[in-house]
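What follows is a single structure, written as structure tokens, with notes after it.
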Amino acid sequence: MRKWWKITGSFPKAHKILLGSGEAVVFADKSGEFKKIGDSMSVEIAGKTERFKMVGILDPTGSKDDFSTSTAIETAHLQK
């Protein structure tokens with residue numbers, strides 16, 4: 001995460017995610033399960049489906065970060 005990021009919501013902790021502004025639109029349009037901050041969504045990781053609560057959306061940056069998904073390092077370690 002970058003110190004200049006501005007987000008709506010909060011930075012993610014374990015088993016929670018932050019979506020870039022563009023990524024949030026894609027998930028909302030295609031998933032049918034995520035519509036707003038606080039909703040949970042299914043994400044496939046290494047062949048298995050996990051549920052994550054979406055706690056923040058990165059304000060548009062004009063960079064590739066707009067299409068990113070971020071989480072806490074604890075969550076990344078859970079995926080081994």
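The values are calculated or read from the model by the stated rules, or taken from the named source; none is laboratory data. Note that the structure is a prediction, hence the values are computed from the model and not measured. Don't worry about glycine lacking a Cβ; one is built from the backbone with ideal geometry, like all the others, and counts go over all protein chains shown.
Is one or more of the residues making up segment 18-39 free of Cβ contacts under 8 Å to residues at least 12 places away in the same chain and among the polar types (S, T, N, Q)? Can you show your working first?
Initially, segment 18-39 is screened for residues free of Cβ contacts under 8 Å to residues at least 12 places away in the same chain, giving 25, 28-33, 35-36.
Checking the rest, the ones that are also among the polar types (S, T, N, Q) come to 31.
The answer is yes, given that some residue of segment 18-39 is free of Cβ contacts under 8 Å to residues at least 12 places away in the same chain and among the polar types (S, T, N, Q).
Considering segment 1-15 alone, what residues qualify as being outside any loop (DSSP other than H, G, I, E, B) and over 15 Å from Asp66 (Cα atoms)?
Within segment 1-15, Gly9 is the sole residue that qualifies.
Per-residue answers, yes or no, for (1) out of contact with any Phe, Trp or Tyr (no Cβ under 9 Å at 6 or more places or on another chain); (2) among the aromatic types (Phe, Trp, Tyr); (3) modelled with pLDDT under 90:
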| site | (1), (2), (3) |
| --- | --- |
| Lys30 | yes, no, yes |
| Asp39 | yes, no, no |
| Val43 | no, no, yes |
| Ala46 | yes, no, yes |
| Gly62 | yes, no, no |
| Phe67 | yes, yes, no |
| Glu74 | yes, no, yes |
| His77 | yes, no, yes |
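Restricting attention to segment 46-63, and to residues there that are farther than 15 Å from Phe34 by Cα and in contact (Cβ under 8 Å) with a residue 24 or more places away in the chain, which single residue is surrounded by the most Cβ atoms within 10 Å (Cβ to Cβ)?
Top of the filtered list is Leu58.
Restricting segment 36-64 to residues that are over 14 Å from Thr8 (Cβ atoms) and outside any strand (DSSP E or B), which is nearest to the chain's Cα centre (by Cα)?
Initially, segment 36-64 is screened for residues over 14 Å from Thr8 (Cβ atoms), giving 40-53, 62-64.
So of that shortlist, the ones also outside any strand (DSSP E or B) come out as 46-47, 62-64.
On the way: Ala46: 17, Gly47: 19, Gly62: 17, Ser63: 16, Lys64: 14 Å.
My answer is Lys64.
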